Amino acid sequence: MLVVHAAFPLDPEKRYEALDQIADLVEQSQAEDGMIDYRATTDLTDPNVVRFFEQYESEEAFFAHTQTDHFEAFEAALPEYLAGEPEITRFDVDSATELDL
């Protein structure tokens, strides 16, 4: 499994436009083959930061995601929405276990 965590600091003046495009990106990404989970949320301490949590079955599924029209459209528009540098971390995971709290 491949997991990606990304944080995007948004320009407050472009926030709502960016969130609309992010909502579309999430909806279409969740339907992709090889996608386990794809979510975006705003940070509680800074609502102008959007955090992505993505889980893919494989490297191939991740690569296929980066080749979709919806991802490419978001990637092309992203620079106009940003107020700083994104932080993106990739995790290669051998196993995952759900915890009971």
* **Selection count, the range 86-95, where residues are outside any strand (DSSP E or B) and open to solvent by 100 Å² or more (accessible area, probe 1.4 Å)** => 1
* To do: Could you identify the single residue in Asp100, Asp46, Asp11 that is of a type outside the set (Lys, Arg) and modelled with pLDDT under 95?
  => Asp100
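Residues checked against (1) part of a helix (DSSP H, G or I); (2) surrounded by 11 or more Cβ atoms within 10 Å (Cβ to Cβ):
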| site | (1), (2) |
| --- | --- |
| Phe8 | no, yes |
| Lys14 | yes, yes |
| Gln21 | yes, yes |
| Asp46 | no, yes |
| Gln55 | no, yes |
| Glu60 | yes, yes |
| Phe63 | yes, yes |
| Gly84 | no, yes |
| Thr97 | no, no |
* Structure fact -> Residue count, the range 23-44, condition open to solvent by less than 70 Å² (accessible area, probe 1.4 Å), among the small types (Gly, Ala, Ser) and closer than 18 Å to Val3 by Cα, comes to 3
* Any residue in the range 58-79 that is in contact with a Leu (Cβ under 7 Å, 6 or more places away or on another chain) and β-branched (Val, Ile, Thr)? -> no
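The values are calculated or read from the model by the stated rules, or taken from the named source; none is laboratory data. Quick caveat: nothing in here was measured; it's all calculated off a predicted structure. For neighbour counting, all protein chains shown are included, and Cβ atoms are generated from backbone atoms with ideal geometry for every residue, glycine included. Heads up: the accessible areas ignore ligands, DNA and RNA and are worked out on the full protein's heavy atoms, side chains in. Shrake-Rupley method; radii C 1.70, N 1.55, O 1.52, S 1.80 Å.
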